[in-house]
Amino acid sequence: MKFSIKFITKTAITAAIYAVATMAIAPLSYGAIQFRFSEIMTLLAYIDPVYIPGLVLGCALSNLYSPLGIIDLLVGTFATLLSVIMVSKTKNLFLASLWPTINCVFVGAELFFVLHQPFWISTIYVALGEFVVVSCIGYPLFKFLLHREDVIKILKY
């Protein structure tokens, strides 16, 4: 992948949209119960892995403002990195949409160690939010978008 103007622009726009969408609803984006609607964007990696750097950067930028501090920057961003890599490698869209939910185990561990919340309960709450946002909302949206050649033409690198 070359660092062309097009790549840098797509990365910057993706990161900015993810970060702004996360921070705009900040109370819902952080903590034990979260509905981070920006996570729908992780499915962009299913369409084209070129979105991975922008998604990870957007997550990192939004996690700078997390009430959990630097630990969320590290753990949350790592979980997103792992999720979008797996999304990009999964051939079935619905199965791809499950990776952010599965990787909530990292955020559950973070909440356990930082806030001393019960590990499994925290993991389940965060996973439920991810499942609702990415699989229940994002999956049908992307299923629709994948049938729109005009949209795919714009989204593909």
>> I'd like the orientation of helix 104-115 relative to the chain: the angle between its Cα long axis and the longest Cα principal axis, in ° from 0 to 90, rounded to 10.
In response: 30
>> With N set to the number of residues, divide the alpha-carbon radius of gyration of the stretch 1-111 by 2.2 N^0.38 Å and report two decimals.
In response: 1.00
>> Nothing charged except the Cβ atoms of Lys and Arg (+1) and of Asp and Glu (-1): what's the magnitude of the dipole of the chain about its Cα centre? Round to the nearest 20 debye.
In response: 540
> Hey, which lysines would be in cross-link range of residue 6, C-alpha to C-alpha under 19 Å, not counting anything within fewer than 8 residues on its own chain?
Replying inline: 153, 156
> Among the aspartates and glutamates, which fall within straight-line cross-link reach of residue 91, defined as a Cα-Cα distance under 18 Å, with same-chain neighbours fewer than 8 residues apart omitted?
Replying inline: 48
>> To test your reading of the geometry: what angle, between 0 and 90 degrees and rounded to tens, separates the Cα axis of helix 5-24 from the longest principal axis of the chain?
In response: 40
>> Which of 77, 14, 90 ends up with the largest GNM mean-square fluctuation for the chain, with Cα atoms connected below 10 Å?
In response: 90
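Throughout, read-outs are computed from the coordinates displayed, never taken from laboratory work. What you are looking at is a predicted structure, and each value in this text was computed from that prediction instead of being measured. In this analysis, Cβ positions are derived from the backbone assuming ideal geometry, glycine residues included, and neighbour counts consider all displayed protein chains.
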